[in-house]
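Each reported figure results from applying straightforward, stated rules to the coordinates on display, with no laboratory input. Note that the structure is predicted; figures quoted are calculated from it, not measured. Every residue, glycine among them, receives a Cβ derived from its backbone with ideal geometry; neighbour counts consider all protein chains shown.
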Amino acid sequence: MSAREIARLELRLGIRLLQRTTRRLALTELGQAYYPYCVRMLAEVQRAEAFVQQVHQQPAGHVRLQAPVTFGCQCVVPVLNRFLRRHLHINVDLDLTDRSHDRLDDQADLAIVIRSRSPQQGNFRVLSEIEWGLYAAPAYLAQRPAITHPEMLPRHDLLLFHGPAHTAALPFRRDKQRLALDVRSRFRANNSMALLNAALAGSGIAYLPSYMAQEAMARGDIQQLLPEWQMDRLQSYLLLHDTPEPASPVTLLCDALVAALNTG
C-alpha cells in the first residue's frame, strides 16, 4: 500500500497504524493488533479469486444420455458417478430404456446400444463386448442331473431373455462345433435382473450377460455352466451426433465412457 492509502485507512479507522520517524516506519501497538486481520482478509480474497478462476475454466453444461436398462444400471451408472465427481459443473440426464434404435434421435446427445452388428449410423464409438452364458444356483444344480453337454439342457428348466437381439434357439460354439438348441423355457423376461433373481431363487438356469452374473458368482450364489462353450457375443456402441467440440461436456462424457467400457 502507498503512504496515501495508509493515511486514508488511518483516517477511516480513527487510529494510527504506523509510527513514522525520519529514518523508519514501525507498527503502532494497534497496528500490530490490526495486521493479522489484514493478512487473513488478503488470503481470503486470494482464495476467492482462485475459486472464481477455477470455476470459469471448468467445463459446464448438460448432457443427455440414453442406455439400456440393466446395462445402464450395472455398467454405466458407476462411470457417471465418477464423472460427476470430477466435473462439478456438468449435469447428466440418463434415460434408461430398452427401446431398440439404430440411430441417435434429437432426444439425446449420446446413446448406448447393444447389437450383434455395427450400427447403421456412421458416427459411433466401440464400447465393451458382452458375452452371454448359462448360470444357476448351487441349490438348483444339486437337485438335477449334472450338465456336461448342451444337449442335456432340455432336461432342465431354462430362464430365458426375449428381445430383438436374441434368436429363439440357444447358440453354442466350441472349436468347429456349432449347435442351435431349442430348449424349454419356464420363464421368459426382457430384463436380465428378473432372470438373475429367478436363478438366485433356484427357479432354473438363467441365460445372462456376464456383467450381470459377476457379483453373484463372486459370492458363490450362482455358477456358470458349460463355460467351454461360447454363446451369444454382442457389442455395445456409443452413438454420437456430429463430432462434438473438444473439451465440451459431450466430448468429456464420451471419452469417459469409452475409457471405462472399451475393453478391447
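So the values come out like this:
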| item | result |
| --- | --- |
| For segment 226-243, 3J(HN,Hα) per residue [Karplus equation, 6.51 cos²θ - 1.76 cosθ + 1.60, θ = phi - 60°, Hz, x = Gly/Pro] | 6, x, 6, 9, 8, 10, 4, 9, 9, 10, 9, 10, 10, 8, 10, 7, 3, 3 |
| Of Arg40, Arg155, Arg174, the one that fluctuates the most in a GNM where the chain has Cα springs shorter than 10 Å | Arg40 |
| Tilt relative to the chain, helix 77-86 - C-alpha long axis, 0 to 90 degrees, to 10 | 10 |
| Sequence of Leu261, Leu181 once ranked by neighbouring C-beta atoms within 10 Å, starting from the fewest | Leu181, Leu261 |
| Share, in percent, of DSSP beta bridges within segment 122-216 that are antiparallel, nearest 5 | 60 |
| Acute angle (nearest 10 degrees) that the helix 29-57 long axis makes with the longest principal axis of the chain, alpha-carbon atoms | 40 |
| Dipole of the chain, positive direction: furthest Cα of Leu179, Leu208, His149, with charges on the beta-carbon | Leu208 |
| Expected 222 nm ellipticity per residue - DSSP helices of 4 or more, -39500 (n - 2.57), all of the chain, to 500 | -10500 deg cm²/dmol |
| Within the chain: Cβ-based charge dipole about Cα centre, in debye rounded to nearest 20 (Lys, Arg +1; Asp, Glu -1) | 900 |
| Rounded tilt (10° steps) of 3-13 against the dominant C-alpha axis of the chain | 90 |
| Amide proton proximity set for Ile90, modelled H, under 5 Å, gap of 5+ | Gly61 |
| Karplus-derived HN-Hα couplings along segment 156-161 (A = 6.51, B = -1.76, C = 1.60, θ = phi - 60°), whole Hz, x at Gly and Pro | 10, 8, 9, 10, 10, 8 |
| Given charges at beta-carbon only (K, R positive; D, E negative), |dipole| of segment 131-232 in Debye | 220 |
| Relative contact order computed over the chain (Cα-Cα under 8 Å; 6+ residues apart), in percent | 25 |
| Charge dipole of the chain about the Cα centre (unit charges at C-beta), most positive-ward option of Cys254, Gly122, Ala136 | Cys254 |
| Residue order, fewest to most surrounding Cβ atoms within 10 angstrom, among Val69, Val45, Val76 | Val45, Val69, Val76 |
| Least to most buried among Ile6, Ile205, Ile114 (fewest other Cβ within 10 Å first) | Ile6, Ile114, Ile205 |
| Amide H within-cut-off set for Ile112, under 5 Å, with H built and near neighbours excluded | Gln66, Ala67, Leu239 |
